[in-house]
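A short worksheet on the structure shown next.
The values are calculated or read from the model by the stated rules, or taken from the named source; none is laboratory data. Not measured: the values here are computed from a predicted model. Backbone-built Cβ (ideal geometry, glycine too); neighbour counts: all protein chains shown. In case anyone asks, the SASA skips ligands and DNA or RNA and just uses the protein heavy atoms, side chains included. Shrake-Rupley method; radii C 1.70, N 1.55, O 1.52, S 1.80 Å.
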Amino acid sequence: MNSDSVGIVTPQCAEFDQPLTLACGRVLPRYQLMYETYGELNAQASNAVLICHALSGHHHAAGYHSDEDRKPGWWEACIGPGKPIDTNRFFVVSLNNLGGCHGSTGPASINPETGEPWGPDFPPLRVRDWVHSQARLADRLGIHTWAAVIGGSLGGMQAMRWALEYPDRVRHCVVIASAMRLSAQNIAFNEIARQAIQSDPDYAEGHYLKADKVPARGLSLARMVGHITYLSDNAMASKFGRDLRTGSLELGDEDQAEFQVQSYLRYQGSRFSGSFDANTYILMTRALDWFDLAREYGDDPVAAFRHARCSFLVISFSTDWRFSPHRSREIVDALIAADRPVSYAEIEADEGHDAFLMPIPRYLDTFAAWMRRVGEHR
Amino acid sequence: MRLDLTHIQRWITPGSRVLDLGCGEGEFLQRLQQERGVRGLGLEINPEKITRALGRGLDIVEQDMDAGLGNFPDHSFDTVVMAHALQAVHYPDRVLEEMLRIGHQGIVTFPNFGHWLCRVHLGTRGRMPVSKFMPYHWYDTPNIHFCTVKDFEALCEARGIRILARDMVGNTEGRPMLASAWPNLFALTAIYLISR
C-alpha cells in the first residue's frame with residue numbers, strides 16, 4: 001500500500017426515516033445510504049468535500065477495505081494525502097447514491113410494504129433526488145457548507161445541480177468530463193444498454209431476484225457497449241490493436257481467430273454483471289438521460305447558473321467523445337455569460353472518457369492547483 | 001513585474017471585471033486582484049502557464065484566441081487586456097474588434113518594431129532583429145505580426161477605434177522623454193487604452 005493512499009477504510013451506513021419526496025412525486029418513507037469518509041472534519045466543519053459518483057460508481061472511492069484487498073477505490077488517483085483531493089486538508093465524503101446496489105437503498109433492497117425486493121418497482125430517480133439525499137447526509141455529518149462538491153460524468157451533473165439547488169451550501173464546484181444534458185447519440189447508447197438487459201430472458205420483467213435469476217448476459221452486453229464508448233479509438237488501438245488471443249488469420253487455418261479486444265470486452269462484461277444490479281443500471285442510465293440542467297430555467301443555462309454562488313472548475317479530455325470537450329465548453333461559456341467564477345482546462349489525453357479516473361500528470365497538476373485554493377478559502 | 005503592466009493599472013477601475021487575453025502565468029491579473037480588487041478572468045493556451053496561474057488562485061479558461069472569442073457576450077467585461085500578445089495572434093485586427101465588443105474599453109501593449117535598434121539591425125545587417133527584447137529567430141518566433149507605433153495607430157484610425165490614452169516605455173528608467181517625444185523611434189513597448 002502506498003503512502004499516498006488513505007489506507008484501510010471502513011464503509012458506514014446512515015439510516016434516514018424522514019420521508020423523502022422524489023422528483024417523480026412518489027415518497028420514499030425511509031432509506032439508507034452507504035458512505036465512506038477520508039481525512040478529518042475540522043472544528044468549523046469548513047473543509048468537507050463531497051464526491052459524487054458516476055454511472056457505475058459507489059461509495060468506495062479511495063483506500064482499501066482490508067490488507068488483502070488488491071484493488072483500491074475507484075478514484076484512488078485523485079483522493080489521498082498529497083493528491084488533488086488532499087486528505088491532509090479535506091474531509092472527504094463519498095457515498096453510494098440512492099438507487100445504487102452497493103449498500104444504499106435501491107431496486108435490490110427489500111420494499112418494506114411487500115417484504116420483497118423492489119426490483120423494477122423502485123421509484124425512478126432524478127439527479128436532484130440524489131442531491132437532496134446527499135444534503136440530508138451532510139446534515140447528519142454536521143456539514144452545512146461543502147468546501148467543494150466534485151464529480152465526473154454523471155457525478156459532474158450532481159455537482160452542478162448542487163450549485164443550483166443549494167447555492168448557499170457549496171463554495172466550489174468541480175465538473176469533470178460532464179455535460180449540461182445528454183445528446184441524442186448519448187441517450188441512444190444508453191437505450192442499447194437498457195434494451196440489452198431487458199431482452200435477456202433472465203431479466204424476468206425486472207423481477208429476476210424473486211425468480212432467483214441474474215440477467216447476466218444482458219447486463220454484460222450493456223457494459224460492453226458502454227465500455228467501448230468510454231475509451232477512445234486510439235486507446236483501444238494501443239491497448240489491443242489487432243492482436244489475436246487465439247487462432248490465426250493464415251489461409252487454410254480452420255481455427256477461428258479471436259482478437260484480444262474480444263476477450264477483454266467479454267471479461268469486462270462478465271465481471272461487471274457479477275457485481276452490479278441490472279435494475280440499478282437501468283435506473284442510473286435513465287437519470288443520466290433525463291438530466292437537463294436548464295430545463296426549468298427556460299432552457300437557458302445562463303439563467304440557471306445565475307442561481308449559483310460558487311466558483312467552478314470544469315475539466316474535459318481531448319479524446320472523450322462520450323462527453324466531449326465541446327460539451328464542457330458549453331458549461332464554461334454559460335458560466336462566463338452568467339458572470340460566475342470559472343476555470344477550465346482541456347487535458348490532452350488518449351484515454352477517452354475514462355481519462356477522468358486516470359493519473360494523468362497535467363490533469364492531476366491542474367486539479368491540485370485549483371484545489372489548493374479550495375483549502376485556503378474558508 | 002514588467003514595466004508595461006505597471007503602467008496599465010491606473011486605467012483599471014477598482015472592483016471592475018477584467019478579461020486578460022493571453023494572461024500567461026497571471027502575474028498581472030493577480031496584481032490587479034490584490035491592488036484593484038478586480039474580478040478577473042484569464043485566457044491562456046499554455047498548459048504549464050495555466051497550472052501556475054491557477055496556483056495563484058486565479059480563474060483561467062483554456063482557450064485559443066485565434067479560434068475566436070465569440071463565446072464572450074457583448075460588453076460582458078469592463079476592460080479587456082491584451083499584453084504582448086497582439087503580435088502573436090493570427091488576425092490582430094479581428095482580435096481588437098472582439099476586445100471592444102466584449103469590453104467597454106481595451107488595453108493593448110505590444111513591442112514597437114519601429115524602435116531605432118530594430119531599424120539599425122535591419123538597416124545595417126540586413127537581418128531580422130534578434131535581441132534580448134525579441135529573442136526569437138524569424139522562423140521560430142511566435143510573433144508573427146510585428147507592427148510599429150504608427151502602424152497600430154493607422155489601424156485604429158481605419159477601424160474607428162478611439163485611442164483614449166497611450167504610454168510609451170523606452171529603455172531608460174524613469175521618465176521616458178525620448179520615447180514620449182518620438183515613440184515610433186524610441187518606444188520599446190507601446191501601451192494603448194482604446195474604446196469604440
Check on A:V49, among the β-branched types (V, I, T) and either within 17 Å of the chain's Cα centre (by Cα) or surrounded by 14 or more Cβ atoms within 10 Å (Cβ to Cβ) (or both): yes
Is it fair to say B:V89 is touching an Asp or Glu at 6+ places or on another chain (Cβ under 7 Å), open to solvent by less than 80 Å² (accessible area, probe 1.4 Å), β-branched (V, I, T) and at pLDDT 90 or above? yes
Unique match (being in a helix (DSSP H, G or I) and away from chain B (no Cβ under 11 Å)) among A:D354, A:D333, A:D365: A:D354
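Looking only at residues that are of a type in the set (A, V, I, L, M, F, W, C) and open to solvent by less than 50 Å² (accessible area, probe 1.4 Å) in segment B:62-77, which one is nearest to the other protein chains (Cβ to nearest Cβ)? Talk me through it step by step, then tell me what you get.
So the first thing to find is which residues in segment B:62-77 are of a type in the set (A, V, I, L, M, F, W, C), and the list is B:65, B:67, B:69, B:72, B:77.
Checking which are open to solvent by less than 50 Å² (accessible area, probe 1.4 Å) leaves us with B:65, B:69, B:72, B:77.
Values: B:M65: 14, B:L69: 11, B:F72: 6, B:F77: 9 Å.
Here the residue is B:F72.
Could you look through segment B:41-57, keep only residues that are at the interface with another protein chain (Cβ under 8 Å from one of its Cβ atoms) and buried (at least 23 other Cβ atoms within 10 Å of the Cβ), and pick out the one that is nearest to the chain's Cα centre (by Cα)?
If we filter segment B:41-57 for residues that are at the interface with another protein chain (Cβ under 8 Å from one of its Cβ atoms), which is where we start, we get B:41, B:47, B:50-52, B:54-55, B:57.
Right, trim to buried (at least 23 other Cβ atoms within 10 Å of the Cβ) and you get B:41, B:50, B:54.
Values: B:L41: 16, B:I50: 18, B:L54: 21 Å.
Among residues in segment B:41-57 that are at the interface with another protein chain (Cβ under 8 Å from one of its Cβ atoms) and buried (at least 23 other Cβ atoms within 10 Å of the Cβ), the one nearest to the chain's Cα centre (by Cα) is B:L41.
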Name the single residue, out of those in segment A:250-263 being open to solvent by less than 70 Å² (accessible area, probe 1.4 Å) and hydrophobic (A, V, I, L, M, F, W, C), that is nearest to the chain's Cα centre (by Cα). A:V261
Positions within segment A:139-154 being out of contact with any Asp or Glu (no Cβ under 9 Å at 6 or more places or on another chain) and over 17 Å from A:H58 (Cα atoms), in sequence order: A:D139, A:R140, A:L141, A:G142, A:I143, A:W146, A:A147, A:A148
Which ones in segment B:146-164 are at pLDDT 95 or above and part of a strand (DSSP E or B)? B:R162, B:I163, B:L164
What is the one condition in (1) farther than 13 Å from A:Q134 by Cα; (2) touching a helix residue (DSSP H, G or I) at 6+ places or on another chain (Cβ under 8 Å); (3) surrounded by fewer than 20 Cβ atoms within 10 Å (Cβ to Cβ); (4) not small (G, A, S) that A:P11 does not satisfy? (2)
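Find the residue count for segment A:336-351, including only residues that are assigned to a strand (DSSP E or B) and either open to solvent by 20 Å² or more (accessible area, probe 1.4 Å) or more than 16 Å from B:R39 (Cβ to Cβ) (or both). Steps first, answer last, please.
Going through segment A:336-351, the residues assigned to a strand (DSSP E or B) turn out to be A:342-347.
Still in the list and also either open to solvent by 20 Å² or more (accessible area, probe 1.4 Å) or more than 16 Å from B:R39 (Cβ to Cβ) (or both): A:344-347.
Counting residues in segment A:336-351 that are assigned to a strand (DSSP E or B) and either open to solvent by 20 Å² or more (accessible area, probe 1.4 Å) or more than 16 Å from B:R39 (Cβ to Cβ) (or both) gives 4.
Return the residues of segment A:320-330 that are within 12 Å of another protein chain (Cβ to nearest Cβ) and farther than 20 Å from A:G57 by Cβ; say none if nothing qualifies.
Hits for segment A:320-330 are A:P325, A:H326, A:R329, A:E330.
Okay, residues lined up against (1) buried (at least 21 other Cβ atoms within 10 Å of the Cβ); (2) of a type in the set (S, T, Y); (3) within 27 Å of A:I315 (Cβ to Cβ); (4) in contact with a strand residue (DSSP E or B) (Cβ under 7 Å, 6 or more places away or on another chain):
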{"position": "A:R161", "(1), (2), (3), (4)": "yes, no, yes, no"}
{"position": "A:R245", "(1), (2), (3), (4)": "no, no, no, yes"}
{"position": "A:S248", "(1), (2), (3), (4)": "no, yes, no, no"}
{"position": "A:Y267", "(1), (2), (3), (4)": "no, yes, no, no"}
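Checking the structure you have, find out if any residue of segment A:54-77 is among the charged types (D, E, K, R) and either within 24 Å of A:K210 (Cβ to Cβ) or touching a Gly at 6+ places or on another chain (Cβ under 7 Å) (or both). Walk me through how you get there before you give the answer.
So in segment A:54-77, the residues among the charged types (D, E, K, R) come out as A:67-71, A:76.
Within this subset, residues satisfying the condition of being either within 24 Å of A:K210 (Cβ to Cβ) or touching a Gly at 6+ places or on another chain (Cβ under 7 Å) (or both) are none.
The answer is no; no qualifying residue exists.
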Applying the selection to segment A:110-140, what residues are touching a residue at least 24 places away in the same chain (Cβ under 8 Å) and of a type in the set (S, T, Y)? A:S133
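Could you please let me know if A:F317 is away from chain B (no Cβ under 14 Å), open to solvent by less than 10 Å² (accessible area, probe 1.4 Å) and at negative phi? Break it down stepwise before answering.
Numbers: away from chain B (no Cβ under 14 Å): no; open to solvent by less than 10 Å² (accessible area, probe 1.4 Å): yes; at negative phi: yes.
So A:F317 fails the test.
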Any residue that is within 12 Å of another protein chain (Cβ to nearest Cβ) and basic (K, R) - is there at least one of those in segment B:14-32? yes
Is it the case that B:V81 is touching a Phe, Trp or Tyr at 6+ places or on another chain (Cβ under 8 Å) and away from chain A (no Cβ under 11 Å)? yes
Matching entry among B:N184, B:N143 (being in contact (Cβ under 8 Å) with a residue 24 or more places away in the chain, assigned to a loop (DSSP other than H, G, I, E, B) and either surrounded by 14 or more Cβ atoms within 10 Å (Cβ to Cβ) or touching a Cys at 6+ places or on another chain (Cβ under 8 Å) (or both)): B:N143
Of the residues A:G155, A:G226, A:G218, which single one is closer than 23 Å to A:R362 by Cα, open to solvent by less than 10 Å² (accessible area, probe 1.4 Å) and outside any loop (DSSP other than H, G, I, E, B)? A:G155
Among the residues of segment A:277-288, is any more than 9 Å from chain B (Cβ to nearest Cβ), open to solvent by 10 Å² or more (accessible area, probe 1.4 Å) and within 26 Å of B:I50 (Cα to Cα)? no
Can you tell me how many residues in segment A:294-314 are in contact with a His (Cβ under 9 Å, 6 or more places away or on another chain), open to solvent by 10 Å² or more (accessible area, probe 1.4 Å) and facing chain B (nearest Cβ under 10 Å)? 1
Residue satisfying condition, being open to solvent by 20 Å² or more (accessible area, probe 1.4 Å), farther than 20 Å from A:I282 by Cα and of a type outside the set (V, I, T), within set A:P120, A:P29: A:P29
Checking the structure you have, find out if any residue of segment A:57-78 is touching a residue at least 60 places away in the same chain (Cβ under 8 Å), within 27 Å of B:T51 (Cα to Cα), in contact with a Ser or Thr (Cβ under 7 Å, 6 or more places away or on another chain) and part of a strand (DSSP E or B). no
Residues of segment A:163-213 satisfying the condition of being over 30 Å from A:Y363 (Cβ atoms), under 22 Å from the mean Cα position of the chain (by Cα) and open to solvent by 40 Å² or more (accessible area, probe 1.4 Å): A:E191, A:Q195
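Take A:F291 and decide whether it is among the hydrophobic types (A, V, I, L, M, F, W, C), out of contact with any strand residue (DSSP E or B) (no Cβ under 7 Å at 6 or more places or on another chain) and more than 10 Å from chain B (Cβ to nearest Cβ). Break it down into steps so the answer makes sense when it comes.
Numbers: among the hydrophobic types (A, V, I, L, M, F, W, C): yes; out of contact with any strand residue (DSSP E or B) (no Cβ under 7 Å at 6 or more places or on another chain): no; more than 10 Å from chain B (Cβ to nearest Cβ): yes.
No: the conditions fail for A:F291.
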